[in-house]
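Asker: I am attaching a structure below and will ask some questions about it afterwards.
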Amino acid sequence: MTTLHIKLLHCVHITLLCLLTYSSICRGSTELDWSPPPMIQVGCFEIERQALMRIKAAFTDPDGKLSLWTGQDCCSSWPGVACSNITGHVERLDLSRGHFTGGLSSSLTDLKYLTYLDLSYIDFQNKTIPEFIGLMERLTYLDMSCSLFGGVIPRQLGNLRNLVELRLDYLSCMFPAYDILELSWVSSLSSLERLEIAGVNLSLASQQWLQSVNMLPNLKSLVITSCELAYLPQTLPFVNLTSLTDLDLSYNKFNSLVPRWLSNASSLVHITIDESGLIGRIPGLAFENMCNLQAIWFKGNLLDGGLAELIDTLADCSNSSMQLLGLSDNELRDYLPDSVGRLRNLNFLRVSSNSLFGSIPTSIGNLTKLQDLRICDNQWQGVMRDAHLSNLVNLYHLCIGSSNNSLVLDFSADWCPPFNLGFLIISDSQIGASFPAWIESQTNLGSLTLSKTAISGVLPDWIWKLHLHYLDLSKNKLHGNLSEMLLTKGFWGRLDLGNNLFEGTLSRLRLSNFLELSLKNNRLSGAMPSDMFDQKSYVLSLDLSGNMLSGNIPTKWDAMKTLMYVDFSSNNLSGEVPDTLCVLPSLVWLKLSNNSLFGEPCNSVTAFEKLKSIDLGENNFSGNIPKWRGYSLEEIRLHGNFFKGSLPEELCSLPNLHVLDIARNKLSGQIPPCFGKMTGFSKPRKPLLSNFYTEHVLNIPNHIDMELSVKGSDLTFDANLPILNLIDLSGNKIDGHIPDNIGLLLHLESLDLSNNALDGHIPASLASITFLSKLNLSHNNLSGQIPSQNQFQTFDDPSIYEGNPSLCGQPLPNMCNPHKPDKDNSDDSGVSEKMTRDVSEKMMLWASIVLGFIFGFWVVCGTLAVKKSWRDAYFRFLGI
């Protein structure tokens, strides 16, 4: 054996000795352990394989994901199962996104070495979360997101003291008070580093929820979003969250100030509390010395001040790490301080849609790392020059604008920007009459908005060479022949040229080139091509309103499967509305008002699938009111047509109807009694939540503008239409009484029944509609005394009741005669007296019968009981 061989053997011997020594020390022994090493398990343990088979049997598996769970070796080839390379025990079980349905077998507890369990995206069919999960004490990771559990979260989860990450997103549960709302079990998870709860109902959560979370010293990430939390503690006795780096409490209902205890969580890197009702001033000093902070997102709250103080405080950190500052969609009445230029690491600055004033500081040009600058929709004054932007070499998204149109953009004609934008929005600003030449250099531009900037003239040819998928040039003074422009470029995502001076026809329009198209309020003329809607297309929104289009609406609409929004109002269209338009499967908003259309529109439609709003006002439609049905139908306007007949009772079956305008038609008959049971008017209307996808990605509005008459004034309702409750039946020939149950429409705000033939008294129940702010009952045949209770005390304008000679009482000059009974009230009194008399006579009859029976019984039976001779004779007569 050579010297080299001896040395190698010696090294191997020393290595084995070290390994054995280390093994002994790890077991707490001070002596060397020379016993043979443990055998490595091959395959899997039978008890664990059987447990997995029982778990499999508890599920329905339509995709056959678990069909591969066959054979004896569950560790090597069973999807979702992973075992330890040392012990052979099952350590990981991932059943996520398997499209399983069913329950969770208690055999799970036989997997005693399990550390990782993912049950997300399983349909547990509203079954309760099993308490036995709390026995899996080795778990370090547990995910039950989107698992369709029901019931309550068991407190036994608090036994999982080794848990490092817990995800409970969107469990589809409504939790009763004492089990989930305390969250006290969370405080026992001493090893927890990440807690994520989203989309569960914590609306009644105890004020102590944060104190329970505060007991977790290792917590690094806390996410509790969309849980309807109603309380955000302002202070804590002590802050134990010394490891916390990420905090997200977005989409809750706090209605409270920004908490000051944030300043004691000095390890925080990201803070996000979007759309959660934060109010008041931002406490800038609460962020003092938080130099590790990289992101603050407080978007969509009600914050009204403190921006300048916040930025000053953040800028005081000589080594500030701030990268993202998002405070858009608040009510900030403040200015942007010069100190913003000291936040040298800032990538995103979003303060749009506030009330920021003053000039835009030139120091913003120091933010050389800035990629996203959104300062539009504020109240800026002064001048913004190219010097503000000349150093922003990384800028990709730019949004500039002032809601009061007082911002002047003075960019030199030969300016060549150092950046290449992907998104550019300039709105409500003065940029001069010429189209900005510097935009031609932005070859990466995919989205361009120049709206309400007063630019005029024709569009430059180079605009069509940009790779735009979104172009909004609305509300300017641009002109030219639109027919040629529409063929210049192929596919568009969205094109909005509305409110300009474009001319031409639609003869060469191809809807297949668009997802959304708005050409409203221009000077387009001529007829729509007959095959315009017969081309396969994925168009979602089409607005041709406010032009001079004529002719019929084309009849072939079968290809428009995706169309959601149609507005052809205020043109010169004639003919009938094709049923193929009315039955489009995706149609949500339809507006055809102010044309010369006739016939019976959408009369063959018995039920709309998705339609929410329909406006057919100011046309020549006739026939009966269509008997439409549809759960989604919310707003109907048929104002100013020639509809006849009576009001259909089917209107009462529209559960979400809250705007009904059938004024100025030729309707007759009575108001159906079921009108008092229209549920859409008996419940409050909530402000319509922004649908991010339709409004910001697709840019489709979530309502149509509707012109409604309120107390004789024509008002246009746009964004506030979804929260309005209005009924207008004025200008018809409706007769009979106003239903007494109309007072059940508790949230009705505007009621106009004027210029009809209604008679009888004004129902006293109207006084109970406390939301009723606009009322018109003039020019009918109403009689009797005007109610004076509750809401009627505010209706002190005599014009509300004029034209009803038999009405009396305030605010009319003719007082009621106290000695002359009201006819309707007399009739009611007579009926009441008759009912009372009938009841009295029946009671007297029954009383006579009962008294007669009692008297006769005691006369006979009492005598027999007293006189023995009579009793003996009576019994002999009976043969007893």
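Asker: When only residues in region 54-81 that are of a type in the set (Ser, Thr, Tyr) and open to solvent by less than 80 Å² (accessible area, probe 1.4 Å) count, which is modelled with the lowest pLDDT?
Answerer: The extreme case among them is 77.
Asker: So which pairs qualify, if the first residue must be in region 307-334 and closer than 16 Å to residue 347 by Cβ and of a type in the set (Val, Ile, Thr), the second must be open to solvent by less than 30 Å² (accessible area, probe 1.4 Å) and assigned to a helix (DSSP H, G or I), the Cβ gap must be under 9 Å, and the two must be at least 6 apart or on different chains?
Answerer: So the pair list comes out as 311/284; 311/339; 311/340.
Okay, residues lined up against (1) of a type in the set (A, V, I, L, M); (2) within 21 Å of residue 205 (Cβ to Cβ):
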position: 116; (1), (2): no, no
position: 119; (1), (2): yes, no
position: 124; (1), (2): no, no
position: 145; (1), (2): no, yes
position: 148; (1), (2): yes, no
position: 156; (1), (2): no, yes
position: 164; (1), (2): yes, no
position: 171; (1), (2): yes, yes
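Asker: Sort out which residues of region 400-457 are hydroxyl-bearing (Ser, Thr, Tyr), outside any loop (DSSP other than H, G, I, E, B) and open to solvent by 40 Å² or more (accessible area, probe 1.4 Å), and write them in order of number.
Answerer: Of everything in region 400-457, those that are hydroxyl-bearing (Ser, Thr, Tyr), outside any loop (DSSP other than H, G, I, E, B) and open to solvent by 40 Å² or more (accessible area, probe 1.4 Å) turn out to be 441, 456.
Asker: Please go through region 236-253 and pick out each residue that is more than 18 Å from residue 223 (Cβ to Cβ) and surrounded by fewer than 16 Cβ atoms within 10 Å (Cβ to Cβ).
Answerer: 237, 238, 239, 242
Asker: Got a sec? Which of 824, 828 is under 22 Å from residue 754 (Cα atoms), over 47 Å from the mean Cα position of the chain (by Cα) and modelled with pLDDT under 90?
Answerer: Exactly one of 824, 828 is under 22 Å from residue 754 (Cα atoms), over 47 Å from the mean Cα position of the chain (by Cα) and modelled with pLDDT under 90, namely 824.
Asker: Scan region 204-225 residue by residue and report those that are polar (S, T, N, Q) and open to solvent by 40 Å² or more (accessible area, probe 1.4 Å).
Answerer: 207, 208, 211, 218
Asker: For residue 239, indicate whether it is farther than 17 Å from residue 327 by Cα and among the aliphatic types (A, V, I, L, M).
Answerer: Judged against the criteria, residue 239 is a match.
Asker: Could you list, in sequence order, all residues of region 409-429 that are over 16 Å from residue 374 (Cβ atoms) and in contact with a Ser or Thr (Cβ under 7 Å, 6 or more places away or on another chain)? Give the steps one after another, and end with the answer.
Answerer: Initial filter on region 409-429 (over 16 Å from residue 374 (Cβ atoms)): 410-418, 420.
Passing the criteria: 416, 417, 418, 420.
Asker: Give the number of residues within region 470-502 that are touching an Asp or Glu at 6+ places or on another chain (Cβ under 8 Å) and either assigned to a strand (DSSP E or B) or of a type in the set (Asp, Glu) (or both). Step through it out loud before you land on a result.
Answerer: Of all residues in region 470-502, those touching an Asp or Glu at 6+ places or on another chain (Cβ under 8 Å) come to 471-474, 479-482, 493-496, 498.
With the extra rule that they be either assigned to a strand (DSSP E or B) or of a type in the set (Asp, Glu) (or both), the set shrinks to 471-472, 479-481, 494-496.
Of the residues in region 470-502, 8 are touching an Asp or Glu at 6+ places or on another chain (Cβ under 8 Å) and either assigned to a strand (DSSP E or B) or of a type in the set (Asp, Glu) (or both).
Asker: Kindly list the number of the only condition in (1) within 21 Å of residue 502 (Cβ to Cβ); (2) open to solvent by 20 Å² or more (accessible area, probe 1.4 Å); (3) assigned to a loop (DSSP other than H, G, I, E, B); (4) not polar (S, T, N, Q) that fails for residue 467.
Answerer: Condition (1) is where residue 467 drops out.
Asker: Still on this structure, I have one more. Anything in region 613-632 that is part of a loop (DSSP other than H, G, I, E, B), closer than 17 Å to residue 579 by Cβ and modelled with pLDDT under 95? List them, or say none.
Answerer: Passing the criteria: 625, 626, 627, 628, 630.
Asker: Further, regarding this structure: Residue check, residue 266 against (1) of a type outside the set (Lys, Arg); (2) surrounded by fewer than 19 Cβ atoms within 10 Å (Cβ to Cβ); (3) within 19 Å of residue 197 (Cβ to Cβ); (4) over 29 Å from the mean Cα position of the chain (by Cα), all met but one. Which one?
Answerer: (3)
Listed here are the residues, each with its yes/no results for (1) closer than 26 Å to residue 722 by Cα; (2) at pLDDT 95 or above.
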site	(1), (2)
523	no, yes
547	no, yes
552	no, yes
555	no, no
569	yes, yes
592	yes, yes
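Asker: Across region 734-774, what is the total count of residues that are open to solvent by 10 Å² or more (accessible area, probe 1.4 Å) and out of contact with any Asp or Glu (no Cβ under 9 Å at 6 or more places or on another chain)?
Answerer: Going through region 734-774 one residue at a time, the tally reaches 11.
Asker: If you don't mind, there's one more thing I want to ask. Return the residues of region 771-808 that are in contact with a strand residue (DSSP E or B) (Cβ under 6 Å, 6 or more places away or on another chain), part of a loop (DSSP other than H, G, I, E, B) and within 19 Å of residue 747 (Cβ to Cβ); say none if nothing qualifies.
Answerer: 795
Asker: Would you check if there is a residue in region 498-516 being under 15 Å from residue 446 (Cβ atoms), in contact (Cβ under 8 Å) with a residue 40 or more places away in the chain and of a type in the set (A, V, I, L, M)?
Answerer: Checking region 498-516: at least one residue is under 15 Å from residue 446 (Cβ atoms), in contact (Cβ under 8 Å) with a residue 40 or more places away in the chain and of a type in the set (A, V, I, L, M).
Asker: Do you know which residues across region 586-612 are touching a Leu at 6+ places or on another chain (Cβ under 9 Å), assigned to a loop (DSSP other than H, G, I, E, B) and not β-branched (Val, Ile, Thr)?
Answerer: Across region 586-612, the qualifying residues are 586, 587, 592, 593, 595, 601, 602, 608, 609, 610, 611, 612.
Asker: With the checklist (1) part of a loop (DSSP other than H, G, I, E, B); (2) open to solvent by less than 40 Å² (accessible area, probe 1.4 Å); (3) of a type in the set (Val, Ile, Thr) in hand, flag the one item residue 86 doesn't pass.
Answerer: (2)
Asker: Right, another one. Filtering region 606-620 down to residues that are open to solvent by 10 Å² or more (accessible area, probe 1.4 Å), of a type outside the set (D, E, K, R) and under 28 Å from the mean Cα position of the chain (by Cα), which residue is farthest from residue 703 (Cα to Cα)? Steps first, please.
Answerer: Of the residues in region 606-620, the ones open to solvent by 10 Å² or more (accessible area, probe 1.4 Å) are 606-610, 612, 618, 620.
Within this subset, residues satisfying the condition of being of a type outside the set (D, E, K, R) are 606-608, 620.
From what is left, the residues that are under 28 Å from the mean Cα position of the chain (by Cα) are 607-608.
Working: 607: 20, 608: 17 Å.
Only one residue tops the list, namely 607.
Asker: Assuming residue 704 fulfils every condition listed in (1) at pLDDT 90 or above; (2) in contact with a Phe, Trp or Tyr (Cβ under 7 Å, 6 or more places away or on another chain) apart from one, which condition is it?
Answerer: For residue 704, the failing item is (1).
Asker: So, one more: Condition first: among the β-branched types (Val, Ile, Thr) and either open to solvent by 20 Å² or more (accessible area, probe 1.4 Å) or in contact with a Phe, Trp or Tyr (Cβ under 9 Å, 6 or more places away or on another chain) (or both). Now tell me which residues in region 621-677 satisfy that.
Answerer: If the condition is that a residue be among the β-branched types (Val, Ile, Thr) and either open to solvent by 20 Å² or more (accessible area, probe 1.4 Å) or in contact with a Phe, Trp or Tyr (Cβ under 9 Å, 6 or more places away or on another chain) (or both), then 625, 636, 659, 662 are the ones that fit.
The values are calculated or read from the model by the stated rules, or taken from the named source; none is laboratory data. Values in this document were obtained by computation on a predicted structure and should not be read as measured data. Glycine gets a Cβ as well: all are built from the backbone with ideal geometry, and neighbour counts include every protein chain shown. We work out accessible area using only protein heavy atoms, side chains counted, and drop any ligands, DNA or RNA first. Shrake-Rupley method; radii C 1.70, N 1.55, O 1.52, S 1.80 Å.
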